[in-house]
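The values are calculated or read from the model by the stated rules, or taken from the named source; none is laboratory data. Worth saying up front: this structure is predicted, and the values here are computed from it rather than measured. We work out accessible area using only protein heavy atoms, side chains counted, and drop any ligands, DNA or RNA first. Shrake-Rupley method; radii C 1.70, N 1.55, O 1.52, S 1.80 Å.
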Amino acid sequence: MGTSGPSMTEKMGAYQRATGLKPVGLHRSAADTLLQRVSHRCVPCGGQGYVAVRSAWIWCELCGGLGRVMTPRAQLLLRGRVEEQFPGAGVQAPMLVLA
């Protein structure tokens, strides 16, 4: 197949969007361990986070690029527990600027 999938930077963005956590830092090992407990492997993308389409790729609609599926409650649990141990590991929601 002619596609190599998303770049590392794109994968980092998908992780941040899906978990609400920064993709790098001292918290990452603990976050990934907890993520395994509160989520399951995404079936449609086979855990890759993307689906190959012809010679390109698209983010998986179910997992949003994480390769794992979790409920909104599980996402809050993950983020809350990680931020308890590692303050500053979470990302702020983008602010909307109204013109």
Exercise for review: List the relative contact order of the chain as a percent without decimals, with contacts defined as Cα pairs under 8 Å and 6+ residues apart.
Suggested key: 34 percent
Revision key, fill the gap. For the chain, the percent of all C-alpha pairs falling in each 10 Å bin, from 0 up to the bin holding the max distance, is 16, 44, 28, 11, 1
Check your understanding: To the nearest 10 degrees, how steeply does helix 72-85 sit against the main Cα axis of the chain, on a 0 to 90 scale?
Key -> 50 degrees
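What is the extension gain from residue 43 to residue 17, computed as 0.36 nm multiplied by their sequence separation minus the C-alpha to C-alpha distance, in nm to one decimal? Please report the intermediate quantities before stating the final value.
On the way: separation 26, 0.36 × 26 = 9.36 nm, distance 1.95 nm.
Once the chain is fully extended between residue 43 and residue 17, it gains 7.4 nm.
Based on DSSP H runs of at least 4 residues, each adding -39500 (n - 2.57), what is the mean residue ellipticity at 222 nm of the chain after dividing by all its residues, to the nearest 500 deg cm²/dmol?
Working: 3 runs with 37 residues, N = 99.
It lands at -11500 deg cm²/dmol.
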Check your understanding: Carbon and sulfur together cover what percent of the accessible area of the chain at a 1.4 Å probe radius?
Key -> 58 percent
Practice item. Kindly express, to the nearest 10 degrees and within the range 0 to 90, the angle between helix 28-38's C-alpha long axis and the longest C-alpha principal axis of the chain. Key: 80 degrees
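Can you give me the accessible area per residue for the chain, using a 1.4 Å probe, in Å²?
Working: 6750 Å² over 99 residues.
Each residue of the chain exposes 68 Å² on average to a 1.4 Å probe.
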Study note, to complete from the structure: Of all C-alpha pairs within segment 19-67, those more than 14 angstrom apart amount in percent to 57 percent
Check your understanding: Near the amide H of residue 50, under 5 Å away, which other amide H atoms are found, from residues 5 or more places off or on another chain, if H is placed in the peptide plane?
Key -> 60
Practice item. Could you tell me how many degrees, from 0 to 90 and to the nearest 10, lie between the Cα long axis of helix 8-19 and the main elongation axis, the longest principal axis, of the Cα atoms of the chain? Key: 50 degrees
